[in-house]
């Protein structure tokens with residue numbers, strides 16, 4: 001998809017060519033007794049594709065609505081491109097939203113929907129720009145239709161076109177793919193990402209789908225109970241979660257409680273139910289006392305007990321469950337003193353273990369991460385399961 | 001084929017024609033009784049409208065024809081009062097039009113002003129209850145009951161009450177005189193103003209309720225989308241709320257304007273029998289006092305056709321596909 005000349009020219013006219021920085025400072029939003037967003041600080045750099053990821057009720061949509069101006073923060077301030085917009089109304093902000101329900105105007109044609117924002121701002125050549133954006137989302141042939149005559153995927157694109165045609169400083173997407181079926185969703189994820197790179201706007205994407213957030217965004221902020229738990233590039237978040245919630249919500253994790261016993265310079269050794277586990281100091285939030293150590297299921301290698309190499313990071317146990325999924329096999333292994341650990345093993349022709357087999361789990365120390373032992377190891381599991 | 005699939009086939013079978021029947025074997029196993037039941041079902045709809053059809057035929061279509069016939073009757077020379085002979089005297093229409101065109105125009109004028117006033121009062125009321133108080137169920141219920149409450153008292157009584165409200169010694173009149181909006185010797189009772197007030201008041205629920213019904217369905221997320229797209233409150237109302245509530249506005253204005261143009265009680269009770277006379281009053285007096293049946297019928301017919309013409313023009317101009 002290529003940006004047409006008309007759309008490109010109009011971009012030149014706008015002052016915010018690459019979108020604008022968005023900064024939320026100590027934002028709190030209370031609804032009666034309920035704190036939806038709790039003292040949130042967030043900076044989204046211009047031109048980035050930023051995802052707010054979290055379970056329902058974590059405050060991500062409320063945050064988005066405050067940026068859009070549809071909700072007033074109880075305290076704190078919001079600035080866009082260095083300008084404080086906290087007290088301005090929605091219609092005065094250089095921000096557009098793709099609503100979860102699309103919220104297309106049912107009494108207007110697709111074209112009139114798309115041209116709506118431009119007309120309100122009395123933009124010259126509004127019609128040409130609207131046509132160009134409809135072309136960008138490949139809907140130029142449906143401009144005369146009413147939204148009700150379109151499929152879900154087409155409506156989604158109209159909603160997107162209606163927002164990006166205005167070249168907002170920040171584009172807000174509120175679960176924009178939530179209503180689409182899985183196949184269409186994957187396809188639209190790719191298209192959205194591409195459009196974002198084409199138009200170069202700052203996108204803030206709210207979603208509860210961790211895969212969607214990781215596929216599309218440059219930066220993901222994981223939200224829980226009105227706060228940002230952790231923020232970073234998808235790979236960094238997955239590789240080195242800082243809280244059990246992030247470890248469990250973003251992919252799966254085996255979290256094991258242990259006590260640090262030795263300081264070995266770069267690494268610390270800990271005792272977990274009689275097993276010796278190593279963690280790099282740079283990969284743990286706490287280096288003394290009790291900790292939670294985490295290993296991702298796919299980082300675990302499952303070996304027959306007799307094949308066990310020498311060294312640390314070995315957990316002996318018995319296979320309690322095996323499920324074959326084609327490309328991979330998932331095992332549950334009971335480790336005495338620790339409990340059940342999940343193992344995710346790519347099927348590459350190796351011998352598979354059977355239920356009841358004595359096995360040993362080994363992994364590279366570089367893949368262990370350590371979390372504060374005071375935290376709840378189960379945090380985020382339930383939230384991830386209900387999605 | 002499963003039982004479920006067979007049933008579905010039967011339901012959609014009517015549209016499928018012969019080809020569908022032949023391909024789908026289970027169709028062949030339907031008993032003659034089932035076939036007959038299907039046929040009965042398809043004719044059921046016609047039987048259901050029969051009572052309504054007979055009712056309309058007896059109490060609307062026949063009376064209209066009888067009215068049309070009466071409007072062309074003639075009064076034979078030397079006949080008693082109220083005695084007429086069947087004829088085709090089209091001049092009846094010309095005569096009543098010549099005599100009462102002013103009352104006809106005035107009726108439409110009053111009805112138009114009352115409709116506009118009811119719209120200006122009723123729309124904000126409906127908007128408040130349907131949109132602003134959407135999540136306040138108790139308050140919304142109470143206000144809805146208050147809108148409908150006037151229906152629980154008689155039309156005549158309510159109109160009579162307006163006579164008191166606008167009487168010379170009433171609070172309203174003295175208050176208006178105190179702030180010099182009304183001259184010292186000015187009065188409201190027995191004026192055109194009083195008649196229009198009565199009409200507006202009496203037909204207000206007919207305006208408010210249809211608008212309420214359409215605003216109640218309004219998706220408020222569309223209003224958010226509109227403000228997100230640089231519309232202030234006024235533009236959002238003009239571009240989104242109003243167009244989406246047009247079916248209600250159309251229904252409300254028609255339900256107000258049509259009965260208001262033919263109304264005679266408000267003019268009779270609140271007017272002055274001179275410059276506030278409406279066509280309904282004229283028809284009433286031609287029928288019951290002057291006993292001029294052809295004249296009254298001709299006027300009724302003219303009123304009916306005029307309303308039909310005005311409404312057609314109005315719907316053509318502002319109508320929405322959703323309504324008709």
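Quick notes
- Shielding by partners - mean other protein chain Cβ count within 10 Å, residues of B:243-250: 1
- With a 10 Å cut-off around each Cβ of B:216-228, the average count of Cβ atoms from other chains is 6.
- Neighbour counts of C-beta atoms inside 10 Å place A:205, A:367 in the sequence A:367, A:205, starting with the fewest.
- Ratio Rg/Rh [Cα only; Rh per Kirkwood] for segment B:93-318: 1.04
- Taking Cα atoms only, the orientation of helix A:110-120 departs from the longest principal axis of chain A by about 70 degrees.
- Averaging 1/r over every pair of different alpha carbons in segment B:190-324 and inverting the result gives a Kirkwood radius of 17.3 Å.
- Value of Rg to Rh for the protein assembly as shown, rounded to two decimals, is 1.15; Kirkwood radius and Rg both from alpha-carbon coordinates.
- Among A:229, B:169, A:382, sorting on how many other beta-carbon atoms sit within 10 Å of each Cβ, with the fewest leading, yields B:169, A:382, A:229.
- The mean of 1/r over all pairs of different alpha-carbon atoms in segment A:175-301, once inverted, gives a Kirkwood hydrodynamic radius of 16.7 Å.
- Inter-part distance where segment A:105-179 and segment A:23-61 are each reduced to a Cα centre, Å: 27 Å
- Segment A:5-239: C-alpha pair distances exceeding 21 Å, %: 54 percent
- Once Rg and the Kirkwood radius are both taken over the C-alpha atoms of segment A:252-375, their ratio Rg/Rh works out to 0.98.
- Potential extension, residue A:346-residue A:235 segment - 0.36 nm per residue separation minus Cα distance: 38.0 nm
- Only beta bridges with both residues in chain A are counted; by DSSP, about 75 percent of them are antiparallel.
- Angle of helix B:3-23 to the longest C-alpha principal axis of chain B, folded into 0 to 90 degrees and rounded to 10: 90°.
- Helix B:293-318 axis, angle to chain B major axis (alpha carbon atoms, nearest 10°): 60 degrees
- Summarising the overall dimensions of segment A:96-175 from its C-alpha atoms, the Rg and Dmax are 11.3, 32 angstrom.
- Peptides B:306-315, A:67-76, A:165-174 ranked from most to least packed give A:165-174, A:67-76, B:306-315, packing being the mean of other C-beta atoms within 10 angstrom over each peptide's residues.
- By the count of other C-beta atoms within 10 Å, a proxy for reagent exposure, B:163, A:242 are ordered fewest to most as B:163, A:242.
- Value at 222 nm in deg cm²/dmol, rounded to 500, when DSSP H runs of n ≥ 4 in the protein assembly as shown each add -39,500 (n - 2.57): -14500 deg cm²/dmol
- Note on segment A:189-216 and segment A:232-310: Cα centroid distance 31 Å, given to the nearest whole angstrom.
- Scattering curve values for segment B:136-207, log₁₀ I(q)/I(0), Debye with Cα scatterers, q = 0.14, 0.15, 0.16, 0.24 Å⁻¹: -0.56, -0.62, -0.68, -1.02
- Antiparallel %, DSSP beta bridges [both residues in the protein assembly as shown], to 5: 75 percent
- Whole-Å distance, taken between Cα centres, linking segment B:57-95 and segment B:246-273: 27 Å
Readers should treat all values here as calculations from the given coordinates under stated rules, not as data from a laboratory. Bear in mind that the values here come from a model prediction, so they are computed numbers and not experimental data. Please note: Cβ atoms are built from the backbone with ideal geometry, for glycine as well, and neighbour counts cover all protein chains shown.
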